[in-house]
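The values are calculated or read from the model by the stated rules, or taken from the named source; none is laboratory data. If you're wondering where the values come from, they're calculated on a predicted model, not measured in any experiment. For neighbour counting, all protein chains shown are included, and Cβ atoms are generated from backbone atoms with ideal geometry for every residue, glycine included. Surface accessibility is based on the protein's heavy atoms, side chains included, excluding ligands, DNA and RNA. Shrake-Rupley method; radii C 1.70, N 1.55, O 1.52, S 1.80 Å.
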There are 2 protein chains.
Amino acid sequence: MPEVRVEEAQRFMEESLLAGGAPLSEAKAHADLLLHADIVGHYSHGMNRLELYINDMKSGVCNPHAEQIILKETAATAWVDGCDGLGATVGNFCMDLAIKKAKEFGVGWVAVKRCNHNGMAGYWALKAEKEGLIGMSFTNSAPIMVPTRSKQRACGTNPISLAAPATGGDSIVVDLATTTAAMGKVEMQVRKGEPLPEGWALGPDCKPTTDPQLAFETGHLLPLGGFEKTSGYKGYCLSAMVEVLCSGLSGSRATHNVPQWSHTQTEAPNLGQCYVAVDPDCFAPGFGERIADCLQHWRNLEPVDPTLPVLAPGDKEKKNAKITNARGTIMYPQSQLDSAKIFAERIGIRPLEAVKA
Amino acid sequence: MPEVRVEEAQRFMEESLLAGGAPLSEAKAHADLLLHADIVGHYSHGMNRLELYINDMKSGVCNPHAEQIILKETAATAWVDGCDGLGATVGNFCMDLAIKKAKEFGVGWVAVKRCNHNGMAGYWALKAEKEGLIGMSFTNSAPIMVPTRSKQRACGTNPISLAAPATGGDSIVVDLATTTAAMGKVEMQVRKGEPLPEGWALGPDCKPTTDPQLAFETGHLLPLGGFEKTSGYKGYCLSAMVEVLCSGLSGSRATHNVPQWSHTQTEAPNLGQCYVAVDPDCFAPGFGERIADCLQHWRNLEPVDPTLPVLAPGDKEKKNAKITNARGTIMYPQSQLDSAKIFAERIGIRPLEAVKA
C-alpha cells in the first residue's frame with residue numbers, strides 16, 4: 001500500500017483546510033484531529049473525511065470563523081452554541097471549558113448545540129486525560145442504527161468515549177460506536193470482498209444480511225449486541241443514552257432529524273455533543289495506581305490463542321500509533337491517493353506526495 | 001405460577017430484614033429496592049436475593065447500622081465511605097447527596113467505596129429522575145465476564161444506568177449489564193430446559209457453549225457484543241469504563257479482587273459505586289419535550305413483526321409494573337416459595353403467604 005510521511009499528510013490536510021476557508025489556527029487544530037485518527041489506525045475518521053469537511057465549509061454548512069457562545073453557565077456546567085464551527089474548533093472550546101471547570105470544581109459538564117462532525121470521540125476524551133483528568137465525550141449523528149424490532153433506522157452510531165490516566169504515562173481509552181460495527185468497517189469488507197459476520201447489518205428486506213455491498217447500500221446497521229436474542233436492545237439503549245446527553249441537554253436536532261452527511265450537504269447538521277471532565281483528585285488518592293493495576297491485570301490474562309494477547313481498552317490504538325510513528329509514514333489505499341489528487345487540483349493546492357507507490 | 005400480593009411480599013421482605021438486624025428505616029428502604037425489581041419483572045434482583053442480604057448481615061459482612069462518611073467534598077463531588085452498609089442505605093445516602101449537589105451546582109458526582117450489592121442499577125437512576133434530573137448509577141461486581149481473547153474471567157457485569165424525565169410523567173430508563181446476558185438469564189434457560197443463544201457464554205474449555213447448565217456451572221459470560229468479530233470487546237470496554245468510575249474513583253476493590261457473592265460469604269466485598277445527577281435546567285430549555293419527542297419517535301417506528309412493537313428504553317419494565325400493579329400480585333416460581341418457607345422458619349418470621357398456589 002502507498003505510504004505518505006506523517007508530516008506530509010499533516011501538511012496536505014492543513015493546506016486543504018486553509019484552502020477551504022479555515023483560519024490557520026483552526027486548520028491546524030482540525031488537521032491534528034484527523035491526523036490522530038490515521039495515526040492510531042482509524043482511517044475512516046481521518047483524511048478519508050477531509051473532503052467532506054472542506055465541502056461543508058465551501059457550501060456554508062460549516063463556518064470555520066464562528067466563535068462559540070456560552071449561553072448558560074454554572075460552576076460545573078455550561079450550555080454552548082457551537083455556531084456551526086469546525087469540529088475541532090467546537091471540540092477544543094468545549095473540552096477546554098470542561099477541563100477548566102473540573103480543575104476548579106471537580107466536574108465540568110458541557111453540552112453544545114449547532115455542531116459539525118467532531119472526528120474520533122476518543123480524541124476529545126484524551127484531551128482531558130492529558131491534563132490528569134477523566135475525559136468523556138459523546139456526540140449524536142445521522143440515523144443509521146435500526147432499533148431492535150424496527151424496520152426503519154432511527155438512531156445514530158452515537159459514540160461513547162472515556163479516557164483516564166494511569167501511572168507511568170499509561171492510560172485506559174474507551175471509544176466505541178454503539179452499533180456493532182461502524183459503516184467504515186462494512187466498507188472495508190466490501191473492499192476485501194469478504195462477507196459480514198451475522199449481527200452487523202440488515203438488508204433492504206429488514207432481514208439479516210452478510211452481503212457487504214447490500215449492507216453498504218442499505219445503510220441499516222444493527223445496535224451493539226446484534227439481534228434481540230443476543231441483547232441488541234442494549235446497544236440501542238446506549239445510543240439512546242447518548243441522545244439524552246447530546247440533543248437532550250443541548251437542544252440540537254435529535255438524531256432522527258439529522259441529515260445524512262454527504263458531499264452535497266446544504267443544511268447545517270446541528271448535531272449535539274457533550275464533553276465531560278472529572279478530576280480524580282477530588283476522590284480517593286491513588287487513582288493512577290489503581291488504573292495501572294487494572295491495565296496490568298487485563299494485559300496479563302492468559303489468552304485463548306497465545307499469538308493474540310488480551311488487550312486493555314486503547315491498546316490497539318497505542319500499538320498502531322507506535323508502529324506509525326516508528327515508520328514515519330501512514331499507509332493509505334491507492335484509491336484514497338487518487339481521490340486526493342483530484343481533490344488537490346480542484347481546490348488548488350500542492351498534491352499529496354507518497355514516498356512509496 | 002403462585003401469586004403473592006405486593007403488600008405481602010413487601011411485608012415479608014421488611015420482616016426478614018428486621019430479623020436480620022436492620023433498623024426499621026433501612027429494612028423498609030431495602031425492601032423497597034428489592035420490591036421494585038420484582039414489580040418491573042427483574043426477578044433475579046428482587047426477593048430472589050433476599051436471603052443473601054440477610055446472610056451478609058448475620059455474618060457481619062454487612063453492617064445495617066453503619067453510617068456513611070463523606071471523606072472529601074467539593075461543590076459538585078463527594079468521596080464517600082459506605083462503611084459496609086446495606087445496599088439501599090448507601091444508595092440512598094449517595095444519590096441524595098448527588099441530587100442535592102445537582103440542584104445547587106448543576107452536577108452531583110459521588111463515588112463510594114466499601115459498598116454491598118445495591119440491587120437494580122436503574123432504581124438509583126430513577127431516584128434522581130423523580131426529582132426532574134438525569135440520574136446515572138454504576139457499580140462494579142465480582143468477576144464473571146471473560147474479556148475478549150482471554151481464557152479467564154476478570155471483569156464484572158458492571159451495569160450502566162441512566163434515567164431522564166420526559167414531559168407528561170414519561171421517562172427514558174436505560175439499565176443494562178455490560179455482559180450479553182446476566183447470570184439470572186442463564187439460570188432461566190436452565191429452568192426452561194432451552195439452549196443459550198450463541199454469544200452468551202463460554203464452557204470450561206473456553207469455547208462457546210449453548211448448554212445452559214454448563215454455562216451456569218462455568219460462570220464465564222461473554223461481554224455485550226459476544227465474540228471479537230461481533231465487537232465483544234466493546235462490552236469489555238464498557239465494563240472497564242464502569243470500573244474506572246467505581247473502583248478507580250472510590251478506592252474500593254477492583255472487580256478482579258472482589259469475592260463471588262455467596263451464602264457463605266465471610267469477607268466484605270468492598271464494592272465501588274458511582275452515583276451521578278445532572279440538572280437539565282442548567283442547559284437548553286425544553287429538555288422534557290425533547291426526550292418525549294424521542295420516545296414517541298421510537299415507539300412509532302414500524303415494527304418488523306406487527307405483534308412486537310418497537311419499545312423505548314424502559315418501556316418493558318413500565319409495562320411489567322403496570323400489569324403487576326393492576327393484578328396486585330407478584331408471580332414467583334414454586335421453588336422460590338419453597339425456599340422462602342424454609343427461610344422464614346430459620347429466621348423466625350411469619351411465612352410468605354401466596355394467594356394462589
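Once you have the alpha carbon radius of gyration of the range B:64-114, what is it after dividing by 2.2 N^0.38 Å, with N set to its residue count? Before the final figure, lay out the partial values.
Working: Rg = 10.5 Å, N = 51, 2.2 N^0.38 = 9.8 Å.
Rounded to two decimals, the normalised Rg is 1.07.
Excluding ligands, DNA and RNA and using a 1.4 Å probe, chains A and B jointly bury around 7000 Å² of accessible surface, summed across both partners.
Placing +1 on each Lys and Arg Cβ and -1 on each Asp and Glu Cβ, with no other charges, gives the protein assembly as shown a dipole about its Cα centre of roughly 480 debye.
Each copy carries a label point for A:THR210 at 7 Å from Cα along the beta-carbon vector; from one copy to the others these points are 1.4 nm apart, nearest first. Note on B:GLU67 and A:MET188: their simple-model spin labels are 5.7 nm apart, each label 7 Å out from Cα toward Cβ. The C-alpha radius of gyration of the protein assembly as shown, expressed as a fraction of 2.2 N^0.38 Å, stands at 0.95.
Take the range A:181-221, drop everything but the C-alpha atoms, weight them equally and run the Debye formula without solvent; then report log10 I(q)/I(0) at 0.19, 0.23 Å⁻¹ to two decimals. Rounded to two decimals, the profile gives -0.39, -0.58.
Label-to-label distances for A:PRO333 across copies, nearest first, come out at 5.0 nm, using points 7 Å from Cα in the beta-carbon direction.
Entry note, chain B: relative contact order of 23 percent, from Cα contacts under 8 Å with a spacing of 6+ residues.
Here the spin labels are modelled as points 7 Å beyond Cα on the Cα-Cβ line, and at A:LYS100 and A:SER335 they lie 4.4 nm apart. Remark on the range A:278-294: accessible area falls by at least 10 square angstrom from chain-alone to full-complex state for A:VAL278, A:ASP281, A:CYS282, A:PHE283, A:ALA284, A:PRO285, A:PHE287, A:ARG290, A:ILE291, A:ASP293, A:CYS294, probe 1.4 angstrom. Compute the FRET efficiency between B:THR167 and A:VAL355 as 1/(1 + (r/R0)^6), taking r as their Cβ-Cβ distance and R0 = 60 Å, and round to the nearest 0.05. That gives a FRET efficiency of 0.55.
Neighbours of A:LEU162, meaning other residues whose beta-carbon lies under 10 angstrom from its beta-carbon, give a summed charge of -2 when Lys and Arg score +1 and Asp and Glu score -1. Can you list the residues of the range B:77-126 whose accessible area drops by at least 20 Å² going from the chain on its own to the full set of protein chains, with a 1.4 Å probe? Residues passing the criterion (a loss of at least 20 Å², heavy atoms only) are B:THR77, B:TRP79, B:PHE105, B:VAL107, B:TRP109. Altogether, the Stokes-Einstein calculation at 25 °C and 0.890 mPa s, with the Kirkwood radius of the range A:30-85 over Cα pairs as Rh, returns a diffusion coefficient of 187 µm²/s. Annotation: per residue accessible area for the range B:181-221 equals 51 Å², rounded to a whole number [probe 1.4 Å, protein chains only]. Look at the stretch B:156-166: the mean tally of other chain Cβ atoms within 10 Å of its residues' Cβ atoms is 2.
Ordering B:293-303, A:184-194, A:34-44 by mean Cβ neighbour count within 10 Å, with the highest value first, yields A:34-44, B:293-303, A:184-194. Peptide B:220-226 is shielded by partner chain Cβ atoms: per residue, an average of 5 of them sit within 10 Å of its Cβ. Each Lys and Arg Cβ is given +1 and each Asp and Glu Cβ -1; about its Cα centre, the range B:181-221 then shows a dipole of about 120 debye. Between B:THR264 and B:ILE347, residue separation times 0.36 nm minus the direct Cα-Cα distance comes to 28.3 nm.
Residues of the range B:167-197 losing 10 Å² or more of accessible area relative to the isolated chain, 1.4 Å probe, heavy atoms only? At a threshold of 10 Å² (probe 1.4 Å), the residues of the range B:167-197 that become less exposed are B:ILE172, B:VAL174, B:LEU176, B:ALA177, B:THR180, B:LYS185, B:PRO197. Solvent-accessible area assigned to carbon and sulfur over the range A:181-221 amounts to 55 percent, based on a 1.4 Å probe. What number comes out for the charge environment of A:LEU238, summing +1 per Lys or Arg and -1 per Asp or Glu over other residues with Cβ under 14 Å away? Neighbour charge sum, excluding A:LEU238 itself: -1.
Legend: residue pairs B:LYS28/B:LYS130; B:LYS185/B:LYS316; A:LYS130/B:LYS229; A:LYS229/B:LYS130; A:LYS151/B:LYS316, Cα-Cα distance threshold 22 Å; pairs beyond threshold, A:LYS130/B:LYS229; A:LYS229/B:LYS130.
State the Kirkwood hydrodynamic radius of the range A:107-223 in Å, one decimal place, computed from all pairs of distinct Cα atoms. Don't jump to the answer; show the numbers that get you there.
Values: mean 1/r = 0.0638 Å⁻¹.
Hydrodynamic radius (Kirkwood, Cα only) of the range A:107-223 equals 15.7 Å.
Placing unit charges on the Cβ atoms of the charged side chains and taking the dipole of the range A:181-221 about its Cα centre, the candidate lying farthest along the positive direction among A:PRO212, A:MET183, A:LEU202 is A:MET183.
The charge dipole of the range B:236-357, taken about its Cα centre with unit charges on the Cβ atoms of Lys, Arg (+1), Asp and Glu (-1) only, comes to about 520 debye. Both radii are taken from the alpha-carbon atoms of the range A:64-154; with Rh as the Kirkwood radius, Rg/Rh is 1.05. Legend: translational diffusion of chain A by Stokes-Einstein, Rh = Kirkwood radius over C-alpha pairs, 10 °C, 1.306 mPa s; D = 75 µm²/s.
The mean sequence separation of alpha-carbon pairs under 8 Å and at least six residues apart, normalised by the residue count of the range A:181-221, gives a relative contact order of 42 percent.
Shielding value for A:242-253 is 6, the average number of Cβ atoms from other chains within 10 Å of each residue's Cβ. In whole Å, how far is the Cα centre of the range B:221-287 from that of the range A:221-249? Between the Cα centre of the range B:221-287 and that of the range A:221-249, the gap is 17 Å. Calculated from DSSP H runs of 4 or more alone, at -39500 (n - 2.57) each and per residue, what is the 222 nm mean residue ellipticity of the protein assembly as shown, nearest 500? Helix-only estimate at 222 nm: -12000 deg cm²/dmol. Between copies, A:LYS72 shows label-point distances of 3.1 nm, shortest first, with the point placed 7 angstrom from Cα along Cα to C-beta.
Positive end of the dipole of the protein assembly as shown (Cβ unit charges, origin at the Cα centre): among A:PRO64, A:TYR123, B:TYR236, the Cα lying farthest that way belongs to B:TYR236. Residue ranges A:56-69, A:134-147 sort as A:134-147, A:56-69 when ordered by packing (mean number of other C-beta atoms within 10 Å per residue, highest first). A simple packing score, the average count of other Cβ atoms within 10 Å per residue, orders the peptides B:81-89, A:282-290 as B:81-89, A:282-290, with the highest score first.
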